[in-house]
Amino acid sequence: MRENLTKDMQGALFARPAPPTAASPGADDAVPWDTQPYSIKRHGLSITNCDAEPVRTPGCIQAHGALLVLRLSDLSILQASENTQAILGHEPHELLGHSVAAVVEHDGEVRLRSILATEPTERNPIYAFTLPASEQIAALDVTLHTIDGSAILEFEATGRSQPGAETSPVVSLPRPGPDYYSLIKKTMVRLQTMETGLTLCQSLAEEVRLLSGLDRVMIYKFHADHHGEVFAESCRSDLAPWLGLHYPAGDIPQQARDLLAKTSIRPVPDIHGELAEMMPLLNPDTGMPVDMTFCALRGLSLMHTEYLQNMGVAAGLTMPLLRDNVLWGLISCHHYSGPCHLPYELRAACEFLAQMGSLQLRAVEDRENAAYRLRLEEVNQQLLSMAAQEGGLASMTDGKPSLLGAMHAGGAALFHRDRWWRVGQTPDESQLEALSHWLVGQLDVGSVASPVYATHALAAAYPPGAAFADVASGVLAAPLSRSGQNLMMWFRPEVQKTVNWGGNPHDKPQVTGPHGPRLTPRRSFELFSESVHQQAAPWLPVEIDAAARLRTLIMELVIVRAERLAGLNADLTRSNEELDAFAYVASHDLKEPLRGIYKYAHQLMEAVPANEEEKRKLEGLMRLTLRMDSLLDSLLHFSRVGREELTLEEVDLNEVLADAMEMVGSRTGDGCTEIVALRLLPPIMCDRIRVREVLVNLLSNAIKYNDKVAKRVEVGFVGAHEIALRGAFPAGTEVQTVYYVRDNGIGISSRHFDQVFKMFKRLHGREDFGGGTGAGLTIVRKLVERHRGQVWLESAAGEGSTFFFTLSASDDN
Ligand code: ADP
């Protein structure tokens, strides 16, 4: 049989049949055991759906042993398996209604009563004694447990004697066999030295094989979606290894998993063995079938048997590996070379190893988890110190380590400073862009608790994710700003792409059981392919924690930086204020002596200078003092603009403009200057006088620095977005309206754009274009900034200039 084992046969450990078709018996809604007690022998073939099979109450046992159900009160026999003649030497009808002493003699009955009185037998099979061999029967190990108010006795051949070989009286301890105790002791020491879950499982597989002598021992691990993986394996050297193969969750259906978690061991010494039905099928006291959950002899579902047969398995032994009472995996043993006697002591030793393995696995997994957590935290700290040093997060994707330094992910991306930074396998930028918009809606960014979003099936929640499921079926995302716009994300590829499935879904089914194509491993694989489609390995709690922690660290860093910046701003404001105060004091106090100088120079002039040279020098002195006086006036004015409170009110800018035009117009009065406003300006909250000053300054410059005969000045406004579209709008402002003053004057070369706003900076000779102090635009900028606005210009030499400015309502300066 084994020689015929194809890869397809390796399909699964337990069977999942094809869903019923219209022609199959399962098409009928009613199942036969709805009306009569279930027995695998009678109804097993009509099973079409694993989930519907009454696996706990199969009504049959494996016929290599015998089973008696006893009434607890008097230990009389209520039910017996139909094969008691072969195993116990009595026909069932000879036993029913009689005391158990009919089988185990008086001594046995006394022993059973003592165990029932003193041991925790409820749902817990306990070895009772070994029934010695007689003329008709072999020596039998007897185990006892209670369930639902009945006692259950199981009889299995010890394998150490043949009928008639021994006639010693009932003994209470197993006779000497292999020294399981010292074997187990050595094994335990070895298991305890294992550092990782993998080495532990590998060692466990080897030890169980050594102990049991079975052909293949697999440590089968369940993933979060219940699909299984051969995580470790020890097998005969001539067998093809199945290590690393994954199997559909449906191969071990939920029912079977629940049952396995409860049973400490599941022996199947002969797959081809007969089944023996219980007589009667129902307990006459309760009217219920026997719950065989804890019976070693429990009869196998025909589907399971058939499936194992298809895989060439002759005998099997299964033990659960539990973590916190939840099924973590299985120790699954196959024997191919023929039926295999699995005596009670051997089973007890294997069972003990499985229990030890479960405990040890937990300890090792906890250690591994702690190490992973530590590694993630270490990398988090390194990422953070790099970010702090470089003043940005870019190093998280191109530095060492990157966001992939410790996290088990295929790729990572970061949105920071208005662009994407990527490392590893990620969706493309447009996909990231759309995904991040969707994520903002999913993330509870304002939440105090961790606002991390984690999914291992993105496309199910976000259908466009199907387009990049191969690289990002799993997404772990954490926002880095309150708005959620800045994000970091990790991606995991689709599971299907990363695991080695136990079979190729495109292969044609090569195996059909004796009952036709009912059992099709390939079919279960197809279903499975569907179920893991667009799914990644789920994110572990430790990974989600690490993402949240990194987020917190980055946010803290940002806050520290913001605080430092706020501190610098406060310093700057203070020194600006001091400068304003100094400028005021200096300009104010300097004016007085300047007046004195001017007065004396004037008096000397009046007193008639000695010669022309002296007269010229005195005139120069007077001119310079006047110039210095006007510079001091500008400085004084500038410092006032910086210090004085704004008077904010709702202002009709059209009136303000009219005033400003009048003031400027009265200065020019040449008749060839045209100042136009194309449309009415919108009302705004501002300081009327200050804004008028801005307009007066800009208008007068527009006229002053103009060599055209027909001077034209246009005042107007545009929506901020129109300007932004041209890329000319400075960043960091949220205002809607941009005002402008445009002239057809001499223009300004772009290299002087910044210069013109500097104090006392003129681009021309002192007296050219009507002279000036070079303070006008500096004051304009100060006034606009006091309104939390900005001022800038567009111009080219000889082509006129346009000065833009914005105003915002509040005055925080
Ligand atoms: P002032 O006009 O007193 O010299 P401003 O600060 O108002 O000082 O202007 C600084 C300089 O910028 C001016 O000297 C001039 O060279 C240049 N400037 C200002 N406005 C214009 C304009 N509309 N067209 C061309 N040049 C200008």
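Run down the aspartates and glutamates and flag those whose C-alpha is under 18 Å from the C-alpha of Lys185, throwing out any fewer than 8 positions away in its chain. Filter leaves Glu206, Glu207, Glu345, Glu351. What is the Cα centroid distance between the range 750-813 and the range 249-315, reported in whole angstrom? Taking the Cα centre of the range 249-315 as reference, the centre of the range 750-813 is 92 Å away. Listed by chain and number, the lysines placed with their C-alpha closer than 17 angstrom to that of Lys758 are Lys782; residues fewer than eight positions away on the same chain are left out. Round to a whole angstrom and tell me the spacing of the C-alpha centers of the range 451-496 and the range 350-369. The distance from the Cα centre of the range 451-496 to that of the range 350-369 comes to 34 Å.
Amide hydrogen proximity for Thr737: with H placed 1.01 Å from N in the peptide plane, the residues at 5 or more positions away or on another chain lying under 5 Å are Ala720. A Förster radius of 41 Å, combined with the Cβ-Cβ distance separating Arg367 from Arg561, puts the computed FRET efficiency at roughly 0.65. In sequence order, the range 315-325 has phi-based couplings of 8, x, 9, 10, 10, x, 10, 10, 10, 6, 6 Hz under the Karplus curve 6.51 cos²θ - 1.76 cosθ + 1.60, θ = phi - 60°, and Gly or Pro positions carry x.
If I take R0 = 60 Å and measure r between the Cβ atoms of Arg679 and His341 in this structure, what FRET efficiency does the formula 1/(1 + (r/R0)^6) give, to the nearest 0.05? It comes to 0.05. Rolling a 1.4 angstrom probe over the protein heavy atoms with all chains in place gives the range 337-453 an accessible area of 48 Å² per residue.
Residues in the range 411-427 carry Karplus couplings, in order, of x, 8, 9, 9, 9, 7, 6, 6, 8, 8, 10, 10, 9, x, 8, 9, x Hz; the curve used is 6.51 cos²θ - 1.76 cosθ + 1.60 with θ = phi - 60°, and Gly or Pro positions show x.
Based on protein heavy atoms only, the range 542-625 ends up with 70 Å² per residue of surface accessible to a 1.4 Å probe.
Of the cross-linked pairs Lys615/Lys708; Lys41/Lys221; Lys221/Lys262, those separated by over 27 Å at the C-alpha level are Lys615/Lys708; Lys41/Lys221.
Which aspartates and glutamates have a Cα lying under 19 Å from the Cα of Lys704, excluding residues fewer than 8 positions away in the same chain? In chain and number order, the partners are Asp659, Glu662, Asp670, Glu674, Glu693, Glu714, Asp743, Glu767, Asp768, Glu794, Glu799. Using every Cα-Cα pair within the range 644-710, state what percent have a distance larger than 17 Å. That fraction is 44 percent.
A cut-off of 5 Å between modelled amide H atoms, ignoring neighbours fewer than 5 places along the same chain, links Phe760 with Ala775.
The values are calculated or read from the model by the stated rules, or taken from the named source; none is laboratory data. No experiment lies behind these values; they were computed from the predicted model shown. Note: ideal-geometry Cβ built from the backbone for every residue, glycine included; neighbour counts use all protein chains shown. Calculation scope for accessible area: heavy atoms of the full protein, side chains included, ligands and nucleic acids excluded. Shrake-Rupley method; radii C 1.70, N 1.55, O 1.52, S 1.80 Å.
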